[in-house]
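So the structure is just underneath, and the comments pick up after that.
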Amino acid sequence: RMLYSRAGDYPPGQPLLYAESFSSNTPEGACPKCHGLGRVYDVTERSMVPDDSLSIRDRAIAAWPPAWHGQNLRDIVTTLGIDVDRPWRELPKKDRDWLLYTEEQPTVPVYAGYTPAEVRRALKRKEEPSYMGTFTGAKKYVLQTFANTESPAMKRRVSRYMVSTECPVCHGKRLRLEALRVKFAGLDIADMSRLPLKRLAEVFRPYAEGRARGGAKLKEEHPEKAIVTQRIAQDLEGRLGVLIALGLSYLSLERSTPTLSPGELQRLRLGTQVHSNLFGVVYVLDEPSAGLHPADTEALLTALDRLKSSGNSLFVVEHDLDVIRHADWIVDVGPDAGEHGGEVLYSGPPGGLEQVKGSRTRPFLFGDQAAPDRAARRPASWLRLAEVTRNNLHDLDVAFPLGVFTTVTGVSGSGKSSLVSQALVELVAGHLGHDIPAEEEEGEELERGSATEVGGRIVEGMDRVRRLVRVDQKPIGRTPRSNLATYTGLFDHVRKLFASTKAARARRYDAGRFSFNVAKGRCETCEGEGFVMVELLFLPSVYAPCPTCHGTRYNAKTLEIRYRERNIAEVLGMTVDAAWEFFADEPHVRRSLDVLRNVGVGYLRLGQPATELSGGEAQRIKLATELQRMARGDTLYILDEPTTGLHAADVERLVTQLDGLVDAGNTVIVVEHDMRVVARSDWVIDVGPGAGEEGGRVVASGAPAEVAASPGSRTAPYLARSLS
């Protein structure tokens with residue numbers, strides 16, 4: 001923005017604009033028509049009344065609010081004398097337009113529960129109404145709610161009835177016309193922001209080096225402007241160079257934050273630090289290689305080396321073996337997870353870890369852990385997609401083998417997730433008649449801008465797919481009431497066991513008594529939460545253990561019931577491993593616990609709130625839930641980078657479980673960067689060759705050994721090394 005303000009080419013007669021005028025987030029810069037969104041939102045009769053065969057009583061005006069407020073508006077319409085039982089299309093246009101678009105807000109008597117005939121009689125007799133109701137037109141309600149509500153859910157609901165079109169004033173560029181008239185290198189700031197970072201660096205390079213076209217003339221006529229242009233261009237080129245070196249050349253400046261992956265965000269932050277040239281700083285990074293292709297990991301290590309050589313210290317929590325080998329010092333914590341960990345097994349140079357026999361990291365770091373031999377499975381048939389278009393995929397044809405374990409590889413930003421987690425999921429779900437849960441967090445979808453062009457179709461293979469399961473790293477619940485035991489269904493069996501005890505039967509306690517979500521047995525002070533919120537006058541509210549139940553969630557009477565000398569709260573406090581021993585004689589409970597232990601979450605407590613679980617833990621719990629019912633066959637399982645955040649030993653467990661799904665007659669498709677997992681798969685589809693505009697194609701497809709020999713694949717050399 002400073003570059004355009006100080007060094008941009010202004011039209012004749014236009015005054016200087018400050019940097020704020022080139023931001024769509026400020027009143028000075030935002031387009032007055034769309035308020036900086038780039039799109040305008042309006043309503044039409046078709047958007048607010050999707051089915052005109054319905055009557056008003058049958059909720060023809062879908063845009064009206066649900067529940068009581070909607071019923072209130074329908075009762076008001078009855079009082080106003082409009083027929084609420086005629087199909088919408090048969091109402092006079094004058095009435096339809098008034099109901100939808102009027103700015104009037106008449107207040108009229110409402111007779112709740114009356115029929116139209118009874119309302120007419122009550123009005124004639126001037127009967128006392130139930131209350132006085134105020135009418136609001138559908139358009140006014142939708143636009144006011146969209147503009148003013150603080151509830152993301154409400155905003156999302158009314159947005160369904162709005163039509164989004166490109167702003168006719170700024171044409172989607174979000175800025176005032178005065179700002180868009182200012183050019184640099186022949187581009188306005190919106191067009192400049194849409195360029196990939198790699199192309200952007202090429203635009204700035206001649207200005208940074210003082211050899212841009214017209215530069216000599218500018219130095220003669222406006223020497224100060226020439227100096228400003230060169231200095232700002234040099235700074236921008238330096239910043240872009242760091243980001244490009246970190247493998248982010250495919251991003252553009254206008255890319256919104258919610259659309260970035262955690263790995264991309266972390267590299268952006270890291271790039272900022274590298275460019276700052278600070279020294280004497282301690283940097284703490286938590287799994288910076290998460291979501292990175294091995295080629296991108298090499299660029300990451302180069303950036304970390306630059307920080308170190310500048311006189312800084314780096315502490316990195318990491319599972320990637322290449323990053324661990326690159327370290328100067330290793331601190332290995334273990335030996336296992338949860339209560340069986342917490343010990344510093346080794347602290348010293350990497351080579352010394354080889355002598356620590358108790359380390360779970362050692363065999364993987366020094367190549368002592370050989371992958372089990374397994375005959376490659378042959379595809380039973382093929383799921384073929386044609387003309388897939390999304391993000392950087394354009395008319396892509398691709399075939400996924402069925403009945404095998406397939407990994408989809410490629411550098412970060414190559415289009416893997418667009419192909420698998422978006423296009424494939426949506427096309428298969430559409431064929432099966434499933435709804436796709438929204439990917440966005442509440443309220444985020446409106447910030448993401450207009451949808452990109454999408455397309456594609458399935459031409460073969462759906463006869464072999466009866467069910468679709470997407471196992472992602474999203475939380476298994478958004479409140480502390482959701483936990484491992486409730487999500488897997490394990491808690492239902494546990495509650496029945498407590499209800500079957502002699503003491504519970506004597507008191508006529510059923511299984512519901514042992515749920516902390518219903519009033520029967522829970523603590524009434526905290527309503528089963530286990531903690532209470534303490535409001536502080538000048539500070540944010542804090543949570544403290546409930547003073548009545550002391551965090552157990554249950555009332556005293558419920559806690560008196562014991563199963564094998566343990567009450568229900570004590571069972572929820574057990575780890576999966578401890579519960580596995582405790583319920584040794586209960587096959588229904590033991591089966592769920594077996595699967596949880598097999599996916600590597602034996603250290604978690606049964607009652608551990610979902611809000612405390614990492615993405616990797618949530619994904620493994622979802623996988624365990626599926627493994628309990630995997631006998632169906634012909635199910636398509638899709639996982640996006642399931643090894644993120646997993647130790648090499650946990651990765652081995654995960655692959656074993658995925659193999660079990662395939663052996664049961666299912667198909668597993670995994671987007672993955674871990675070459676050990678790719679090497680153990682039956683089929684590899686490599687997308688690339690590069691990121692962004694340089695990707696979006698299937699570079700290689702075949703068995704791991706075939707892809708490892710592909711000359712055009714960025715994945716091939718790393719896969720070949722893992723296979724050897």
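The values are calculated or read from the model by the stated rules, or taken from the named source; none is laboratory data. Note that the structure is predicted; figures quoted are calculated from it, not measured. Every residue, glycine as well, gets a Cβ built from its backbone with ideal geometry; the counts of neighbours run over all protein chains shown.
Details
- So Val333, is it under 28 Å from Arg605 (Cβ atoms), among the hydrophobic types (A, V, I, L, M, F, W, C) and surrounded by fewer than 17 Cβ atoms within 10 Å (Cβ to Cβ): yes
- Summed over segment 483-515, the residues that are among the acidic types (Asp, Glu) and part of a helix (DSSP H, G or I) give a count of 1.
- Hits in segment 453-482 - residues which are part of a loop (DSSP other than H, G, I, E, B), modelled with pLDDT of 85 or more and β-branched (Val, Ile, Thr): Val465, Ile476
- Of all residues in segment 230-267 being among the polar types (S, T, N, Q) and surrounded by 21 or more Cβ atoms within 10 Å (Cβ to Cβ), the one that is modelled with the lowest pLDDT: Gln266
- Within segment 680-699, the set of residues being assigned to a strand (DSSP E or B) and either in contact with a helix residue (DSSP H, G or I) (Cβ under 7 Å, 6 or more places away or on another chain) or closer than 17 Å to Val662 by Cα (or both) comprises Trp683, Val684, Asp686, Val687.
- Just one of (1) surrounded by 17 or more Cβ atoms within 10 Å (Cβ to Cβ); (2) outside any helix (DSSP H, G or I); (3) aliphatic (A, V, I, L, M) fails for Leu304. It is (2).
- For segment 207-222, filtered to residues that are surrounded by 13 or more Cβ atoms within 10 Å (Cβ to Cβ) and small (Gly, Ala, Ser), the residue that is nearest to the chain's Cα centre (by Cα) is Ala208.
- Matching option when the condition is farther than 19 Å from Asp320 by Cβ, assigned to a helix (DSSP H, G or I) and aliphatic (A, V, I, L, M), among Leu265, Leu236, Leu270, Leu278: Leu236
- Exclusive hit being more than 24 Å from the chain's Cα centre (by Cα) and at pLDDT 90 or above, set Leu427, Leu432, Leu396: Leu396
- Breaking point among (1) in a helix (DSSP H, G or I); (2) more than 30 Å from Arg125 (Cβ to Cβ); (3) assigned by TED's automatic domain parsing to the domain that holds Pro106; (4) among the small types (Gly, Ala, Ser), for Ala63: (1)
- Test set (1) in contact with a helix residue (DSSP H, G or I) (Cβ under 6 Å, 6 or more places away or on another chain); (2) crowded, with 21+ Cβ neighbours inside 10 Å; (3) in contact (Cβ under 8 Å) with a residue 40 or more places away in the chain - Gly616 fails condition number: (1)
- Single condition Val599 does not satisfy, out of (1) modelled with pLDDT under 90; (2) assigned by TED's automatic domain parsing to the domain that holds Arg464: (2)
- Condition check for Val707: in a strand (DSSP E or B), under 19 Å from Pro379 (Cβ atoms), of a type in the set (Val, Ile, Thr) and touching a helix residue (DSSP H, G or I) at 6+ places or on another chain (Cβ under 8 Å): no
- Among the residues of segment 268-298, those that are of a type in the set (A, V, I, L, M) and buried (at least 18 other Cβ atoms within 10 Å of the Cβ) comprise Leu270, Val274, Leu285, Ala290, Leu292, Ala295.
- Residues satisfying the stated conditions in segment 634-676, i.e. small (Gly, Ala, Ser) and in contact with a strand residue (DSSP E or B) (Cβ under 9 Å, 6 or more places away or on another chain): Ala664, Gly665
- Filter pass, Leu572 being of a type in the set (A, V, I, L, M) and surrounded by 12 or more Cβ atoms within 10 Å (Cβ to Cβ): yes
- Residue count for segment 7-42, restricted to those that are in a helix (DSSP H, G or I) and surrounded by fewer than 18 Cβ atoms within 10 Å (Cβ to Cβ): 2
- Some residue of segment 121-137 being in contact with a Lys or Arg (Cβ under 9 Å, 6 or more places away or on another chain) and either without any contact (Cβ under 8 Å) to a residue 12 or more places away in the chain or not in a helix (DSSP H, G or I) (or both): yes
- Pairs, first among the charged types (D, E, K, R) in segment 653-677, second assigned to a helix (DSSP H, G or I), C-beta under 6 Å, six or more apart: Glu672/Val678; Arg676/Ser722
- The condition of being free of Cβ contacts under 8 Å to residues at least 24 places away in the same chain, over 28 Å from the mean Cα position of the chain (by Cα), crowded, with 18+ Cβ neighbours inside 10 Å and not assigned by TED's automatic domain parsing to the domain that holds Gln105 holds for Leu180.
- Listed here are the strands (runs of 3 or more DSSP E) enclosed by segment 322-421 that have at least 3 residues being farther than 18 Å from Val671 by Cα: 330-334, 343-348, 381-390.
- Residue count, segment 624-647 (criterion: over 18 Å from the mean Cα position of the chain (by Cα) and either part of a helix (DSSP H, G or I) or under 29 Å from Leu365 (Cα atoms) (or both)): 9
- Yes/no for Ile227 being more than 16 Å from Leu195 (Cβ to Cβ), crowded, with 16+ Cβ neighbours inside 10 Å and either modelled with pLDDT under 90 or outside the structural domain of Asn392 (by TED's automatic domain parsing) (or both): no
- Looking at Val518, Val571, just one residue is touching a Gly at 6+ places or on another chain (Cβ under 9 Å), assigned to a helix (DSSP H, G or I), outside the structural domain of Ala649 (by TED's automatic domain parsing) and closer than 16 Å to Asn483 by Cβ, and that residue is Val571.
- Extreme residue, surrounded by the most Cβ atoms within 10 Å (Cβ to Cβ), among residues of segment 155-171 that are of a type in the set (A, V, I, L, M, F, W, C) and assigned to a loop (DSSP other than H, G, I, E, B): Cys170
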